[in-house]
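Student: Quick one: structure below, then a few questions.
None of the figures in this text is laboratory data; all of them are computed from the coordinates on show. This structure is a prediction, so every number in the text was calculated from the model and none was measured. Ideal geometry is used to build each Cβ from the backbone, glycine not excepted, and the neighbour counts take in all protein chains shown.
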Amino acid sequence: MRRKILKGTTVLAGAMCLLASFCESAEPAGPSDSKAGGRKTLTVGFSQIGAESGWRTAETRSIRSEAARRGINLKFSDAQQKQENQIRAIGTFIAQKVDAIIDAPVVEAGWEPILKQAKAARIPVILVDRGVNVSDDSLYTTLIASDFVAEGKMAGDWLAKKLKGKGNVVELQGTPGAAPAMDRKRGFEAALKNHPDIKIIKSQTGDFTRAKGKEVMEAFLKAAQGSGAKIDAVYAHNDDMALGAIQAIEATGLKPGTDLLVVSIDGIKPAFEAMIAGKLNCTVECNPLLGPAAFDAVEATLAGKPIPKRTLVEDRIFDQSVSKEAIGSRQY
Ligand code: GZL
């Protein structure tokens, strides 16, 4: 059963306030090293995917700094984008009897066994940034993430308008099996449903990295040169792949942002710099500053308070027309 996105639970980007609906909460568990004043120091295990993109490192900074601000003992594990490393790290957190676990699941499938172990150990699991595909959603406490389908649709609607309903698009997909990759594709295709003359002529994963995005875009450009097909736009599932694609486009002498439109998702500062330079046309924000909401959920769960099963992070779209005035307030 795919994870449900429950209506009525929204997090305003930046405010990160949680609107409550209800779910069961796990009993507190874990080591009882106490802090001055008798309040227990919490120990939380964080299984992070890796450091593949500017977005990812911003998320890690947010989680680490929020743990420090709250005096929480954070055990951090970088999985180098491998699910088996995440599962191993979560198993270690369980053996160490941490109070709670935060997981950014690299892909949607394959989590039931380890989540069942956490539930049996009565350790709550907070999902951040990406969802999981489980038959029993009591295996995790809450999912704090953006609506990736909406992000893909915002990007597609913007591009369709800019292309005036006609053109060839190449797509740089995120990590195969990852929620943002599948859903951003789904949302973009939904937007193009109303524009039959816009065709996705090539689509391949660049694994959310700049290097791979550049490599795949080089292949797309070479293929187009060989077949004589014109590429009118690039849709990248994240800014890092878009920035790699921009490098590949420039190497052919074409002007990214002019000869080919470039649209992506994340809203990292380098994307705003590329928009100001006229090389990127539009980015849809996907807020990575999830630390406050994640630890609100940890503390609420351990206190036995009800929290939303799904906490939606709201996102906005930015194009070149607003990039200069917006870059000053970007926090990542
Ligand atoms: C989105 C996140 C994605 C970003 C990429 O929540 O999972 O992973 O869009 C990152 O930049 O690599």
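Student: Most exposed first by the Cβ proxy, i.e. fewest other Cβ within 10 Å, how do LEU143, LEU221 rank? It would help to have the intermediate numbers written out before the result.
Tutor: On the way: LEU143 26, LEU221 21.
In order of increasing Cβ crowding within 10 Å: LEU221, LEU143.
Student: Taking only DSSP H segments of four or more residues, each worth -39500 (n - 2.57), what value at 222 nm results for the chain once the sum is divided by all its residues, to the nearest 500 deg cm²/dmol? Can you show the working numbers first?
Tutor: Values: 10 runs with 125 residues, N = 332.
So the helix-based figure for the chain works out to -12000 deg cm²/dmol.
Student: Express the relative contact order of region 148-286 as a whole percentage, based on alpha carbon pairs under 8 Å and six or more residues apart in sequence. Numbers along the way, then the final one.
Tutor: Working: 305 pairs, mean separation 35.3, N = 139.
Relative contact order here is 25 percent.
Student: Please list the non-local residues whose amide H lies under 5 Å from the amide H of SER203, H modeled 1.01 Å from N, same-chain partners needing a gap of 5 or more.
Tutor: HN-HN under 5 Å from SER203: GLU171.
Student: If you don't mind, there's one more thing I want to ask. Between their Cα atoms, which of LYS153/LYS185; LYS166/LYS279; LYS164/LYS193; LYS153/LYS199; LYS40/LYS97 are more than 19 Å away from each other? Don't skip to the end; give the middle numbers.
Tutor: On the way: LYS153/LYS185 9 Å; LYS166/LYS279 21 Å; LYS164/LYS193 14 Å; LYS153/LYS199 15 Å; LYS40/LYS97 14 Å.
Exceeds cut-off: LYS166/LYS279.
Student: Turning to a different aspect of this structure: On C-alpha positions alone, give me the angle between the axis of helix 83-95 and the longest principal axis of the chain, in degrees, nearest 10.
Tutor: 10 degrees
Student: Express in whole angstrom the spacing between the alpha-carbon centres of region 269-332 and region 40-100.
Tutor: 20 Å
Student: Rounded to the nearest 5, what is the percent of antiparallel bridges among the DSSP beta bridges in the chain?
Tutor: Working: 4 of 45 bridges.
Among the beta bridges of the chain, antiparallel pairing accounts for roughly 10 percent.
Student: Any chance you could run the full-extension gain for ARG39 through LYS161? It's 0.36 nm times the residue separation minus the Cα-Cα distance, nm to one decimal. Write out the running numbers ahead of the final one.
Tutor: Working: separation 122, 0.36 × 122 = 43.92 nm, distance 5.57 nm.
Residue separation times 0.36 nm, minus the Cα-Cα distance, leaves 38.3 nm.
Student: Can I ask one more? Cα-based Rg (one decimal) and Dmax (whole number) for the chain, in Å?
Tutor: 20.6, 72
Student: Which is farthest toward the positive dipole end of region 103-191 among ALA109, LEU163, MET182, measuring Cα position about the Cα centre, with Cβ charges +1 (Lys, Arg) and -1 (Asp, Glu)?
Tutor: Farthest towards the positive end: LEU163.
Student: Give me the distance in nm between label points sitting 7 Å out from Cα along the Cα-to-Cβ direction at ASP78 and ASN133, one decimal.
Tutor: Placing both labels 7 Å beyond Cα along the Cβ direction yields 2.9 nm.
Student: May I ask for the angle, rounded to the nearest 10°, between helix 148-162 and the longest principal axis of the chain, with both axes built from Cα atoms and the value confined to 0 to 90°?
Tutor: For 148-162 against the chain, the angle is about 20 degrees.
Student: Within a 10 angstrom radius of the beta carbon, how do THR141, THR209 rank from fewest other beta carbons to most?
Tutor: By the 10 Å Cβ count, ascending: THR209, THR141.
Student: Nothing charged except the Cβ atoms of Lys and Arg (+1) and of Asp and Glu (-1): what's the magnitude of the dipole of the chain about its Cα centre? Round to the nearest 20 debye. Don't skip to the end; give the middle numbers.
Tutor: Numbers: 45 positive and 39 negative charges, 32 e Å.
Taking the Cα centre of the chain as origin, the dipole is about 160 debye.
Student: Between ALA223 and GLU314, 0.36 nm times their residue separation minus their Cα-Cα distance comes to what? Show your work: numbers first, answer last.
Tutor: On the way: separation 91, 0.36 × 91 = 32.76 nm, distance 3.75 nm.
Gain in length upon complete extension: 29.0 nm.
Student: Under the Karplus relation 6.51 cos²θ - 1.76 cosθ + 1.60, θ = phi - 60°, what is the ordered set of whole-Hz ³J(HN,Hα) values for region 254-271, x standing for Gly and Pro?
Tutor: For region 254-271, the Karplus-derived couplings read 7, 9, x, x, 10, 5, 10, 6, 10, 10, 8, 9, 2, x, 6, 4, x, 5 Hz, x marking Gly and Pro.
Student: Could I ask something else about it? Given labels modelled 7 Å from the Cα in the Cβ direction, how far is it in nm from GLN117 to LYS193?
Tutor: 4.1 nm
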